[in-house]
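Read through the structure below, which is laid out as structure tokens, and then see the notes.
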Amino acid sequence: MEKILKQIIKQKYDIEVDPKVSRPDPQFGDYATNVALQIAKPLGKNPREVAEVISSELEKTGQFSKVEIAGPGFINLTISAKNIANHLFEEFNKGDFGENQDGVGKIAVVDYPSPNMAKPYSVGHLRPGNQGWAAKKLLEATGWKVITDNHLGDYGAPFGIWVAGFKRFSSYDALEKDGVYELGRVYIATKKALKDEAEANGSELADEVQEWLLKLENKDPEAVEFSRLFNEISLNHIHNVMGRLKISTDYEYGEAFFAPKGKEEVQKLLSSGVAVQNDDGSVIVPLDEYGFNTPLLIQKSNGAALYATTDLATIKFREQEWNPDKVVYAVGMEQQFYFSQLFAMADKIGIKTDMYHLTFGVIDQLNEDGTREKMSSRKGVVLMEELLDKAEEKARKLTSGRDISDDDIKKIALGAIKFSDFIADRRTNILFDWNTIFALTGMSGPYIQYAAVRIAKILNDIKNPGVDYIKYDFESEKAVILKLLEYPEVVKNAASSLEPHKVANYLYDLAREMNRYYENVRIAESSDEEKSARLDILTKVLYVFDRGLDLLGIEVPSQM
RNA sequence: GCACCCGUAGCUCAGUGGAUAGAGCACUGGUCUUCGGAACCAGGUGUCGUACGUUCGAAUCGUACCGGGUGUACCA
């Protein structure tokens, strides 16, 4: 349609435009364009006159059942349901409906969900998992080759805190019993003890922490054994939870892997003059030319590596190993400043790869006075496993009395949790609320899953007569078909800005259209010709539900 | 102080230049021996934070201000 308009305008007015066609309020027609309004000004003509010329050309194509001019110069187009249906069939026959080749031949690295080893998986890590996974799927749907890398936080002070705290506050029995949750308690208790000690001007515990870090650095056997044990417990837990979330990564190169490489890179930058060593021994990369008055610290004064050190090495490693066109970091907005510095440094050392910080807002909790505040361990975090358990419990309660498999319960619970993260723009802060985090009605994952399950049931129960439906008019299906035809554009837009909420909002609209159709049309009572036509359309709706939800990491249950 | 994000219905949020700004939740009523009611239909709320500007046209773009959030080199 856009192409036709473009041609007409080129022919009549000899100007190049990219006309936009939108879906107006149904009372106006099926499609609408305001292109006459846009080009009237530069042409020095009356918009309605321009609209007249364009619309008479549109009428000549014979593709529209009605062409109307409205208001200041909108052109409203109505197309017969039959023609729209034919168009849908054509698009499906091309294969991979909804996907495109925008990124073909290009490689992206997606860095996610990158949790810290020290603490149990909390809802704080929900968004990097959801958003990172959706980014991967969206990029793949548009032709990219995607490499996912779980950048584990397995280096630094936490290890010392663990050992010193474990010796003081815990035991092997407790560790055996509660695993990572015991490690989490130890971590929190030790952090608190360190704070109290510092306030009392003491340093005994803090010294112990540093001592253990040094021991690990020097390969002390006891330290190495603690490191192995704690990392094993923590990593098992991370894998277990990621498994429940149905997410995975291709690689797991943690910070510990990059720390020694980072130190080498620091030396290289020092000799090349990019980095500067301060009198206290710390090393910085000045970024004044990028508008930062805060330099990036890449080595502590005691010579130890820190975040930027390992990230520097990570950037170099990924360049050598994968030579990506794009690197996506799925990390919260709190680190926006840090990443802008990191990317500036990357540019300074000659890395040309597109570095993209996939930001998302924090998860808030409601205070008793009604105000919102970022969820923190101080206020009490919600654990990921607890959230999953409660969601499954709720889904199970709703399906009680029916024979629903455990697998389906999990798909519903996960669908509810994930979808709630995709309702809003990812930059929006999320309000964590036990009542809405896994909503099962209205704008929710299960609402869409339910619409899909209904279709699957129909397709399963009603045999397609397979008769020719060349005379069928598709009037009843028109709204659904028009909605289906929007899908490729939605994927294109969502992928280019990595905004999965656009897919989520679209799928909800499609599900609503589908449910309305379901209320009004009884396929079981249709003639053979109608059945064949309608079941063909339903197959396509189910396809879009399946593929669209898959972009969000959500599965369609077999029953619910 | 500076930087970034946000401000749309009672609440949670869609809507990045077009027609009368939309959903969910909550509230009220209706549909109901159904291809599965986790559904459908009906009922109503808005100084789109404020002001000025750009434009034929602004929730959307620009500037300033107000309010909230997040950061601001030896944590990650």
Measure out, as a whole number of angstrom, how far apart the alpha-carbon centroids of the stretch A:316-337 and the stretch A:128-156 sit. 10
Provide the packing ranking of A:395-402, A:282-289, i.e. peptides ordered by the mean count of other C-beta atoms within 10 Å per residue, highest first. A:282-289, A:395-402
Check cross-link reach from A:K6 to the lysines: straight Cα distance under 20 Å, and skip same-chain residues fewer than eight apart. A:K20, A:K41, A:K45, A:K60, A:K66
Helix-only estimate, please: 222 nm mean residue ellipticity of chain A, summing -39500 (n - 2.57) across DSSP H runs of length 4 or more and dividing by its residues, to the nearest 500. -17500 deg cm²/dmol
DSSP beta bridges in chain A: the antiparallel percent, rounded to 5, is 50
Starting from the Cα of A:K167, draw a straight line to each of the lysines and keep only those under 16 Å, dropping any in the same chain fewer than 8 residues away. A:K191, A:K192, A:K215
What translational diffusion coefficient, to the nearest whole µm²/s, does the stretch A:251-406 have by Stokes-Einstein, given a Kirkwood radius computed over alpha-carbon pairs, a temperature of 10 °C and 1.306 mPa s viscosity? 84
Taking the square root of 5λ for each eigenvalue of the C-alpha gyration tensor of chain A, the equivalent ellipsoid has semi-axes, largest first and in whole angstrom, of 52, 32, 19
Sorted by mean Cβ packing within 10 Å, highest first, what order do the peptides A:527-536, A:409-418, A:549-558 take? A:409-418, A:549-558, A:527-536
Reachable aspartates and glutamates from A:K348, criterion Cα separation under 13 angstrom, eight or more residues apart if same chain: A:D288, A:E289
I need to check one value: relative contact order of the stretch A:309-424, counting alpha carbon pairs closer than 8 Å and at least 6 residues apart, in percent. 19
Too long for a 20 Å Cα-Cα cut-off, among A:K397/A:K502; A:K478/A:K540; A:K106/A:K418; A:K352/A:K492, are A:K397/A:K502; A:K106/A:K418; A:K352/A:K492
Using the Cα centre of the stretch A:500-560 as the reference point, and only Cβ charges (+1 on K/R, -1 on D/E), how large is the resulting charge dipole? Debye, rounded to the nearest 20. 200
Would you work out the Kirkwood radius for the stretch A:21-108? I mean one over the mean of 1/r across all pairs of different Cα atoms, in Å. 15.1
Of the residues A:I84, A:G98, A:P72, the Cα lying farthest along the dipole of the stretch A:72-121 towards its positive end, which is defined by charges on the beta carbon of Lys, Arg, Asp and Glu, belongs to A:P72
In order through the stretch A:543-560: 3J(HN,Hα) via Karplus (6.51 cos²θ - 1.76 cosθ + 1.60), integer Hz, x for Gly, Pro: 4, 5, 4, 4, 6, x, 5, 4, 4, 9, x, 10, 9, 8, x, 7, 8, 7
Sort out for me the Cα centre separation of the stretch A:1-54 from the stretch A:203-253, rounded to whole Å. 62
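Here, each number is a calculation from the coordinates, and none is a lab measurement. In this text, all values refer to a predicted model and were calculated from it rather than measured experimentally. No Cβ is skipped: glycine too gets one built from the backbone with ideal geometry, and neighbour counts run over all protein chains shown.
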